[in-house]
Structure formats: C-alpha cells, structure tokens
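Novice: Shown below is the structure under consideration.
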Number of protein chains: 2
Amino acid sequence: MKIAILGMGKIGSGVYEYAMDMDTIAVVRTFDIKKWMDDMTTDIDDIVNDPEIELVVETMGGVNPTKEYALKCINAGKHYVTANKQLVSEAIEELLDAAKKNNVCLMFGAACGGGIPYLKNLYNAQNADKITAVGGILNGTTNYILDRMQTEGLDYEQALTSAQALGYAEKDPASDVDGLDAQRKLILACAVAWGLAPKAEDIPVSGIRHIKPIDIKYFKETGRVARLIASADKTEAGVSASVEVHLFREDASECAIHKNVNFAWYEGQRSGRFSFSGQGAGKYPTAVNVIQDVLSIMKGDGRMLKEDTVIAKASAERERCFYIRVKDHEFEAIEKIAKAVKREDGYVLSETIPVKTEEMHAMMKNMCGAFFAAIE
Amino acid sequence: MKIAILGMGKIGSGVYEYAMDMDTIAVVRTFDIKKWMDDMTTDIDDIVNDPEIELVVETMGGVNPTKEYALKCINAGKHYVTANKQLVSEAIEELLDAAKKNNVCLMFGAACGGGIPYLKNLYNAQNADKITAVGGILNGTTNYILDRMQTEGLDYEQALTSAQALGYAEKDPASDVDGLDAQRKLILACAVAWGLAPKAEDIPVSGIRHIKPIDIKYFKETGRVARLIASADKTEAGVSASVEVHLFREDASECAIHKNVNFAWYEGQRSGRFSFSGQGAGKYPTAVNVIQDVLSIMKGDGRMLKEDTVIAKASAERERCFYIRVKDHEFEAIEKIAKAVKREDGYVLSETIPVKTEEMHAMMKNMCGAFFAAIE
C-alpha cells in the first residue's frame with residue numbers, strides 16, 4: 001500500500017523506518033513544516049491531491065492544523081491512521097462521519113496505550129462480549145513520576161525533572177501531570193467500547209501535581225501504592241468516567257507497573273478482565289502500533305469504531321472511599337463526609353464514607369494544594 | 001456464518017451461548033458422544049457432509065479422535081477453530097497443510113492463554129516487528145497452586161486439593177503440574193511467532209510437583225516469588241525453549257499474577273515487551289476467544305500461522321543461574337557447578353554459576369524429589 005506520513009518527528013520517523021523494512025508498505029511522500037528529506041513536502045495539498053496515496057498516517061499531534069488535514073485527506077478518499085489522541089478525542093464524530101461518507105477507514109490504535117494494541121483488542125472484544133468497564137494506567141509520564149517517588153523517595157519536583165531529562169515529560173508537563181492526556185485516551189476507549197464518546201468537560205480529572213512525600217509516607221504505612229487511573233463504567237444512563245490517583249493494595253497488578261509502562265484493561269460481562277501492558281510511548285513502540293493499524297486496513301479489517309458512535313453525556317457517579325489531604329482551614333468543608341486523622345502536615349483523612357466521584361472532584365477543585373486519591 | 005460445535009462440554013456450551021446471542025453466527029449442529037440436545041449428532045459425518053456448515057469449532061480436547069475429525073472437516077472445505085492445544089501442538093504441520101490445500105482458515109487462539117487474545121496479537125505483532133522472545137505464565141492451575149503456597153502457606157498437596165475442588169485441576173493433574181500443558185502452549189506461541197514449531201521432546205520441561213514449603217521459605221527470605229514459566233528465544237539456529245519454575249524479584253509483573261490468571265508476553269526487537277493477562281481458562285473466557293477467532297475468519301482475517309510454518313529442532317541453550325534443592329547424597333553431582341548453602345532439609349544451593357538450561361534439566365531429571373528453579 002502506498003502511504004504518506006504527516007509529521008516526521010520521533011514517531012513519524014519510526015513509522016518510516018518500519019515501512020522501509022516491509023515489502024507491502026511504501027512511503028511515497030512525507031510532510032513536515034520544513035523540508036529536510038527528498039520526498040518531503042510542506043504543502044498538504046501535494047498529499048491530498050496525489051491519487052497514488054491510498055493511506056495517510058498522521059503523527060504530528062495537536063488539533064490545529066491536523067483536523068483540517070485529516071478532513072482534507074479523508075474527503076480525498078484516503079484511509080487515515082493517526083496517533084493523535086487530542087485530535088480524535090475532540091473531533092471523533094466529525095472524523096468518523098467523513099470516513100463513513102468517503103468509505104475509508106479511520107484507525108487510531110497508537111493514540112491510546114502507545115505500543116499496546118489495546119483499542120483494537122477492545123473493539124474485537126466488544127464484538128464478542130458486552131464490555132462493562134475500561135481503564136488503566138494510560139499515561140506513562142505520571143506513572144514514571146509516581147513510581148520514582150514511591151520506590152526511591154524522590155519528591156515531585158525531582159521526579160518530574162528526571163522525567164523531563166529522559167524525554168518522558170515535556171517542558172510544560174501540564175497535559176500529563178494534570179491528567180488531560182489520560183482523559184483523552186479514556187474518551188477513545190469509551191468510544192471504542194460502547195460507541196459513546198464522552199465530552200472532556202464531563203470527565204472529572206485530577207492529576208498528580210499536588211502529591212507530596214507525606215502522602216506517600218502515609219500510603220506506605222497503610223500498605224498502598226498510588227497510580228494515576230483513568231477508568232469508566234457503562235451505566236444505564238450512559239458512561240461514568242473519571243481520572244484520579246487510586247491507591248492499590250500491594251498485590252494488585254497495577255503496583256507491578258513500573259517506570260513509564262502503560263497498563264490498560266477492559267472487563268467483559270462474561271469473560272472477565274483482560275489487561276495489556278507495555279511501552280505506552282516512545283518512537284518504535286508507538287510506530288509499531290501505527291503500522292499494525294495500516295496492516296489491519298490492508299487486510300480489510302480497518303475498523304475501530306461502531307458505525308453509530310456518538311458524542312455522549314457522561315457523569316462520574318461511582319461511589320468510592322477517598323484518601324484526602326487538606327489544610328487546617330479547609331477541614332470544615334469535608335468534615336461532614338469524612339473521618340479525620342490529624343497528621344503533622346495538614347489533615348490526612350484515612351477513611352471516608354463513600355462519596356460520588358464527581359462530588360469529590362468538585363469539592364477538591366477549589367482547595368489549593370490539596371490532594372486526594374480513590375481507595376481501591 | 002453457519003457453524004457446528006464438536007464437544008458440548010463446558011467450553012463448547014459457552015461458545016453455544018455466545019453464538020445464540022449474536023445475529024451473525026448460527027450454530028446449526030452440535031456433536032457429542034451422547035445425544036442430549038435436539039440439533040446434536042453423534043456421527044461426525046453428519047457434520048462433515050453437511051454443505052451448509054461453513055465452519056467447525058472443536059472444544060473436545062485430546063488427539064484421538066479429534067485429529068481425524070479435524071482433517072475430515074478441513075478436507076470437506078470447512079474453516080476450523082479449535083481450543084485444543086494438544087492437537088495443534090502435536091499435528092500443526094498436518095493441519096496447516098490440509099488447511100492450505102483446502103483454502104480454509106485454521107485458528108486456535110483459545111488453545112494458548114484461554115481468554116487472552118495472545119496468539120492473534122502475536123501473529124499481528126510478527127507482521128510489524130521481529131519477535132525475539134515469547135513466554136509467560138501459561139498454566140493457570142500451577143499458578144493457583146504456587147500462589148496459594150506462597151501467600152497462604154499451604155503445602156503442595158493442600159493447594160492441589162483446593163485447585164481440584166475448584167475445578168482448576170483434573171483428578172490426574174499430571175499435564176498441568178508437570179508442565180506439559182504449558183509446554184504445548186509454548187509450542188503454539190513459537191509456531192505463531194516464528195513459523196517454527198519445536199517438537200515437545202526438544203523442550204525440557206519441569207513442573208511444580210516437587211516444590212516444598214522449605215523452598216518457599218527460602219524464596220521469601222531472599223525476596224523472590226516463584227512462578228512456572230514457559231519461555232522461548234529466537235536463536236540463530238532456531239528456537240531455544242524450556243518450561244520450569246522461575247524466581248522473580250517482588251516488583252516483577254509476574255508476581256502480581258495471582259490465583260489462576262494467565263500472563264503471556266512477547267518481545268519485539270524494536271517495540272519492546274508487551275504483556276497480556278486475564279483468565280487463562282474457564283467456560284466464558286475461553287469461549288469468547290473461540291468466538292473472536294470465528295469473527296476474525298468472518299471478516300477475512302483468519303490467519304494465525306505463516307504459510308511456511310514447519311516443525312523445527314529446538315534446544316534450551318540459554319544460560320541461567322538456578323536455585324537447587326537436592327538430597328545429601330546427590331550433592332556431589334552438582335557440587336562442581338554450584339556454590340552450596342546447607343540448610344535443614346537437604347542442600348539448598350543459593351548461587352550457581354550460569355548453566356545451560358538443558359544441562360540443568362538433564363541433570364535434575366534423575367534426582368528423585370529434587371527441585372530447581374531459574375533465578376531471574
């Protein structure tokens with residue numbers, strides 16, 4: 001199959017290298033903002049208008065101008081494979097609509113889980129069983145930070161600096177550490193599992209920016225390990241979804257996920273829970289997932305979404321118990337729902353009565369520097 | 001698609017139930033040794049000669065008469081989906097040959113990993129990257145026994161009895177506890193990954209029958225957890241494969257695999273290690289994998305083996321360090337290769353110089369009641 005690649009950064013060049021090794025895929029054109037290869041163009045229309053190109057791979061990231069590019073390519077009748085979670089999570093209905101109209105495939109396996117073939121397996125699984133829940137450790141950067149804080153005693157800033165030095169975290173780490181990246185991936189997982197893509201604004205999200213060594217000290221004392229979890233359940237009304245730190249007992253599978261590894265699972269009503277782990281980012285792992293999507297399309301199995309996938313309302317109704325650390329003066333607000341244990345640095349609330357996840361998120365949002373985590 | 005099911009035991013009835021819920025799959029005939037359903041026959045030729053049946057699912061187990069049945073059905077031009085690891089591991093070349101001649105699909109995803117879609121992902125992965133190694137915890141029964149011994153202090157007999165009471169282990173548990181079931185699954189994984197199916201006789205296998213509380217006491221003291229591992233590497237000469245207990249550091253992913261869960265992984269040369277976990281056996285998990293194979297065939301993606309898959313020589317050349325427990329009088333034989341630490345019940349050798357895996361297996365084979373494990 002003759003393909004073009006938009007964005008020849010780390011992942012794009014990985015796809016290029018893989019394709020070069022394969023007899024069945026030929027990269028006939030690449031696109032980037034500056035020309036630095038022979039077959040490269042800086043004009044998207046060179047790709048859109050090239051009838052030879054049957055499939056376009058996009059590894060640029062962001063929504064602007066990638067959304068325009070995606071719609072142009074799809075409307076020109078080209079299959080579209082993207083690793084861009086932001087684009088797909090924000091424009092899923094529009095992209096799918098265009099793909100349906102033009103009778104081309106839209107695949108985005110590398111947009112959730114990096115190298116892990118999670119979304120394709122999830123799509124296959126929902127064909128064979130009713131999926132009741134999806135989730136996992138979907139962001140490697142935050143897992144790296146949490147892991148180093150917990151195994152080596154680093155504080156948040158030290159662990160973040162180390163993640164940046166290794167290229168795991170960006171200079172502005174907000175989309176990772178505040179949970180937005182995990183939130184986008186969760187939207188994709190819901191869309192694949194149920195044909196229901198929740199809006200980002202309906203998924204409460206809380207990251208790891210405010211976690212402190214004192215929290216981790218408390219987790220260790222109570223035999224818990226912290227991981228940033230994105231998870232969603234199918235409810236009668238639609239989807240219940242949220243992103244926040246969860247505390248696991250030490251023998252849980254999540255605790256064995258170290259460094260920047262990703263861990264994604266789904267639950268089938270009859271078949272139980274299946275988990276997938278591996279490199280969730282990086283040049284080759286992500287590129288290999290892109291290549292697998294291309295190969296799926298080539299063998300006529302290029303579907304990752306139900307035909308009738310729609311944007312859907314979501315909530316976060318699941319009731320959970322939470323660990324909460326707040327300042328003295330914020331104590332009153334949560335006193336009503338929680339049993340407090342005072343510790344040296346603010347209040348640490350070791351036990352709460354179960355609270356709706358969305359209520360806990362709403363309450364904690366305005367407490368500066370406070371931290372909370374769901375107890376598994 | 002119109003299908004027939006051979007063997008209406010636990011898994012076969014699971015497949016039947018799933019298919020009943022689906023619009024796209026119709027079970028038009030079932031086969032068992034005694035007739036107890038309306039559409040059931042006890043004569044295989046009723047299925048072989050029924051032109052309406054496009055695909056046959058076999059969930060009977062064993063090689064006799066299933067091999068004859070499989071060849072009859074395939075030669076009658078029917079796609080074949082089986083959960084029978086013994087059959088496929090022993091007759092892979094013959095079955096594939098017949099499938100090629102008759103231009104039908106042969107799928108056996110449920111034969112390795114139960115519900116885990118491991119083999120299909122492995123086949124897809126080898127299309128996109130060079131697979132360097134495969135393996136995992138491929139037998140749930142032994143994992144259940146080892147886990148209960150290690151977490152609850154049961155001895156081997158107690159844990160086995162419990163596994164039998166729960167239906168995880170058969171009355172004669174030999175094929176599980178001696179590692180033969182894991183060995184068969186490993187043969188399938190090698191065949192899918194490399195088109196090379198090692199002969200069972202070339203894969204050294206050692207199970208868990210001789211593990212004792214004293215071993216586990218020692219593992220705990222040294223911070224290790226025991227799991228039965230089937231693993232294989234691609235070597236220049238072919239395949240290096242073995243099955244034996246491995247000892248992992250407590251933070252390894254394998255240690256988080258509890259009860260009868262399976263854990264299967266592969267390593268891509270460029271994309272790294274990907275792991276899959278879930279229920280490795282049981283009615284619905286296994287049935288859902290069978291259904292996924294049927295769906296793959298229906299969408300024209302019914303391939304799980306390279307065309308040129310062959311029986312191949314194998315060895316177990318990887319050098320590893322081993323934990324060994326032998327009786328006093330057997331000490332001399334291994335003294336040459338190991339540094340001994342004497343303990344109350346026989347010799348426990350905590351450190352050895354690296355030894356070829358096949359040499360260790362060969363040496364230990366004749367030492368009655370001795371136990372050994374590879375140190376990760």
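FYI, it's all coordinate maths here, none of it is from the lab. On a predicted model such as this, the values are computed, not experimentally measured, just so you know. Neighbour counts run over all protein chains shown; Cβ positions are idealised from the backbone, glycine included.
Novice: Counting only the backbone N, which residues of region B:24-44 are under 12 Å from the spot 7 Å out from the Cα of B:LYS2 toward its beta-carbon?
Specialist: Residues passing the 12 Å test: B:26-29.
Novice: One decimal, nm, shortest first: give the distances between the label point of A:LYS130 and those of the same position in the other copies, each label point 7 Å from Cα along Cα→Cβ.
Specialist: Listed shortest first, these distances are 4.7 nm.
Novice: Sorted by packing (mean other beta-carbon atoms within 10 Å per residue), highest first, where do A:46-54, B:94-102, A:327-335 land?
Specialist: Packing order, densest peptide first, comes out as B:94-102, A:46-54, A:327-335.
Novice: Specify the inter-centroid distance of region B:310-339 and region B:79-107, based on alpha-carbon positions, in whole Å.
Specialist: 35 Å
Novice: Another question, if that's okay. Just checking the output field for B:289-299: average partner chain Cβ neighbours within 10 Å of each residue's Cβ?
Specialist: The per-residue average across the peptide is 3.
Novice: Holding the Cα-Cα limit at 32 Å, pick out from A:LYS130/A:LYS339; A:LYS2/A:LYS120; B:LYS199/B:LYS283; A:LYS220/B:LYS185 the pairs that are longer than that. Present the calculation step by step, with values, prior to reporting the outcome.
Specialist: Working: A:LYS130/A:LYS339 38 Å; A:LYS2/A:LYS120 22 Å; B:LYS199/B:LYS283 29 Å; A:LYS220/B:LYS185 39 Å.
From A:LYS130/A:LYS339; A:LYS2/A:LYS120; B:LYS199/B:LYS283; A:LYS220/B:LYS185, over 32 Å: A:LYS130/A:LYS339; A:LYS220/B:LYS185.
Novice: Run the quick spin-label model on B:GLN164 and B:GLU359: label points 7 Å from Cα toward the beta carbon, then report their separation in nm to one decimal.
Specialist: 3.9 nm
Novice: Normalised by the empirical 2.2 N^0.38 Å for globular proteins, what value does the Cα Rg of region B:53-128 take?
Specialist: After normalising by residue count via 2.2 N^0.38 Å, the value is 1.06.
Novice: Would you mind getting me the FRET efficiency between A:ALA174 and A:ASN103? Use the beta-carbon distance for r and R0 = 41 Å, nearest 0.05.
Specialist: The computed FRET efficiency comes out at 0.60.
Novice: Quick check: the angle from helix B:180-194's long axis to the longest principal axis of chain B, C-alpha only, nearest 10 degrees?
Specialist: 70 degrees
Novice: Using only the Cα atoms of the protein assembly as shown, each taken as one equal point scatterer with no solvent, compute I(q) by the Debye sum, divide by I(0), and report log10 of the ratio at q = 0.08, 0.10 Å⁻¹.
Specialist: Listed by q, the Debye log ratios stand at -0.69, -1.07.
Novice: From the helices alone, meaning DSSP H stretches of at least four residues, give me the mean residue ellipticity at 222 nm for chain B, per-run term -39500 (n - 2.57), in deg cm²/dmol to the nearest 500.
Specialist: So the calculated ellipticity at 222 nm is -11000 deg cm²/dmol.
Novice: Give me the distance in nm between label points sitting 7 Å out from Cα along the Cα-to-Cβ direction at A:GLN269 and B:LYS299, one decimal.
Specialist: Result: 2.0 nm between the two label points.
Novice: Quick check: convex hull of the Cα atoms in region B:2-107, volume per residue, rounded to a whole Å³?
Specialist: Once divided by residue count, the hull of region B:2-107 is 90 Å³.
Novice: Taking the Cα atoms of region A:131-209, report the difference between the largest and smallest coordinate on each principal axis, in whole Å and largest first.
Specialist: 40, 24, 20
Novice: For A:LYS339, which inter-copy label distances result when the label point lies 7 Å beyond Cα on the Cα-to-Cβ vector, reported in nm to one decimal and in ascending order?
Specialist: Result for A:LYS339, in nm, nearest copy first: 5.1.
Novice: Turning to a different aspect of this structure: For B:ILE229, what charge total do you get from the other residues with a beta carbon under 10 Å from its beta carbon, if Lys and Arg give +1 and Asp and Glu give -1?
Specialist: Numbers: positive: B:ARG227; negative: B:GLU244, B:GLU254, B:GLU376.
My count for the surroundings of B:ILE229 gives -2.
Novice: Determine one quarter of the surface area of the Cα convex hull of region A:210-269, which equals its mean projected area, and express it in nm² to one decimal. It would help to have the intermediate numbers written out before the result.
Specialist: Numbers: hull surface 22.4 nm².
The Cα convex hull of region A:210-269, projected and averaged over all directions, gives 5.6 nm².
Novice: Mind checking region B:13-115 for chymotrypsin sites (Phe, Trp or Tyr not before Pro) that DSSP puts in a loop (not H, G, I, E or B) and that have at most 11 other Cβ atoms within 10 Å?
Specialist: B:TRP36
Novice: What net charge is computed for the residues neighbouring B:THR151, neighbours being all others with C-beta under 10 Å from the C-beta of B:THR151, Lys and Arg scored +1, Asp and Glu -1? Each step should come with its number before you reach the end.
Specialist: Details: positive: B:ARG148, B:LYS259; negative: A:ASP251, B:ASP147, B:GLU152.
So the environment of B:THR151 carries a net charge of -1.
Novice: Of the residues A:ASN124, A:ASN139, A:ASN64, which exhibits the maximal mean-square fluctuation in a Gaussian network model of chain A defined by a 10 Å Cα contact cut-off?
Specialist: Largest GNM mean-square fluctuation: A:ASN64.
Novice: Give me the distance between the Cα centres of region A:194-234 and region B:173-239, rounded to whole Å.
Specialist: Comparing the Cα centres of region A:194-234 and region B:173-239, I get a distance of 37 Å.
Novice: Expressed as a whole percent, how much of the Cα-Cα distance distribution for region B:118-375 exceeds 34 Å? Provide the component values of the computation, followed by the final result.
Specialist: Details: 5731 of 33153 pairs.
Looking at region B:118-375, the distances longer than 34 Å represent 17 percent of pairs.
Novice: Shifting gears a bit: Where is the GNM fluctuation largest for chain A (alpha-carbon springs, 10 angstrom cutoff): A:MET22, A:MET40, A:MET298?
Specialist: Looking only at A:MET22, A:MET40, A:MET298, the biggest GNM fluctuation is shown by A:MET22.
Novice: In a Debye calculation with equal point scatterers on the alpha-carbon sites of region A:160-244 and no solvent, what is log10 I(q)/I(0) at q = 0.11 Å⁻¹?
Specialist: -0.39
Novice: Can I ask one more? Among B:LEU87, B:GLY7, B:MET37, flag the residue with its Cα farthest along the positive direction of the charge dipole of region B:2-107, charges on Cβ as +1 for Lys/Arg and -1 for Asp/Glu.
Specialist: Selected residue: B:LEU87.
Novice: Let me ask another. Relative to the first principal axis of the alpha-carbon coordinates of chain B, what is the inclination of helix B:10-20, with its axis defined by its Cα atoms, in degrees from 0 to 90 and to the nearest 10?
Specialist: 40 degrees
Novice: For region B:83-232, what is the convex hull (Cα atoms) projected area averaged across all directions, in square nanometres?
Specialist: 10.2 nm²
Novice: On average, how many beta carbons from a partner chain sit within 10 Å of the beta carbon of a residue in B:243-254? Intermediate values should be presented prior to the final figure.
Specialist: Numbers: counts 0, 0, 0, 0, 0, 1, 0, 4, 6, 2, 9, 1.
Mean inter-chain Cβ contacts per residue within 10 Å come to 2.
Novice: Same structure again: Under Stokes-Einstein, with the Kirkwood radius over Cα pairs standing in for Rh, what whole-number D in µm²/s applies to region B:220-311 at 20 °C and 1.002 mPa s? Could you put the intermediate results ahead of the total?
Specialist: Values: Rh = 16.3 Å.
Translational D for this selection: 131 µm²/s.
Novice: OK, next. So which trypsin sites (Lys or Arg not before Pro) in region A:133-239 pass both tests, a DSSP loop state and at most 11 other Cβ atoms within 10 Å of the Cβ?
Specialist: A:LYS171
Novice: Any idea what the B:LYS100 label distances to the other copies are, label 7 Å down the Cα→Cβ vector, nm, shortest first?
Specialist: Between copies, matching label points for B:LYS100 lie 4.3 nm apart.
Novice: Let me ask something else about it. What does the structure give for A:115-123 when I average, per residue, the other chain Cβ atoms found within 10 Å of the residue Cβ?
Specialist: Per-residue shielding by partner chains comes out at 4.
Novice: Nearest 10 degrees, 0 to 90: what angle lies between the long axis of helix B:85-102 and the longest principal axis of chain B (Cα atoms)?
Specialist: It is inclined by approximately 40 degrees.
Novice: Distance in nm between label sites at B:MET40 and B:LYS199, each 7 Å beyond Cα in the beta-carbon direction?
Specialist: Taking the simple label geometry, B:MET40 and B:LYS199 are separated by 4.0 nm.
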